[in-house]
């Protein structure tokens, strides 16, 4: 398994990963039909995540399949968030 920083060109794989994940479990924030993010929107989110002192977005993969995602958002106005899905 390889874990690395997610980059905008990963957006298609990540959108597919989230759609698959949301359709396989009942423990996610959204129902499968509620996930409306496009590849372009995901690419913008990944680009925004790469800014200085903003946090980190990591992407895990093995061969061609996506295995996981983790994002850590830096403190902003006293709030911070870490979200991982494996």
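The values are calculated or read from the model by the stated rules, or taken from the named source; none is laboratory data. It should be emphasised that the depicted structure is a prediction, and the values quoted were computed from it without experimental measurement. A quick note on method: Cβ atoms are made from the backbone with ideal geometry, for glycine too, and the neighbour counts reach across all protein chains shown.
In segment 8-18, the residue that is nearest to the chain's Cα centre (by Cα) out of those that are closer than 13 Å to residue 69 by Cβ and surrounded by 14 or more Cβ atoms within 10 Å (Cβ to Cβ) is 14. I'd like the full set of residues that are without any contact (Cβ under 8 Å) to a residue 60 or more places away in the chain and touching a strand residue (DSSP E or B) at 6+ places or on another chain (Cβ under 7 Å), limited to segment 18-51. 46, 49 - these are the residues of segment 18-51 that are without any contact (Cβ under 8 Å) to a residue 60 or more places away in the chain and touching a strand residue (DSSP E or B) at 6+ places or on another chain (Cβ under 7 Å).
Listed conditions (1) at pLDDT 65 or above; (2) surrounded by 14 or more Cβ atoms within 10 Å (Cβ to Cβ) are all met by residue 27, apart from (2).
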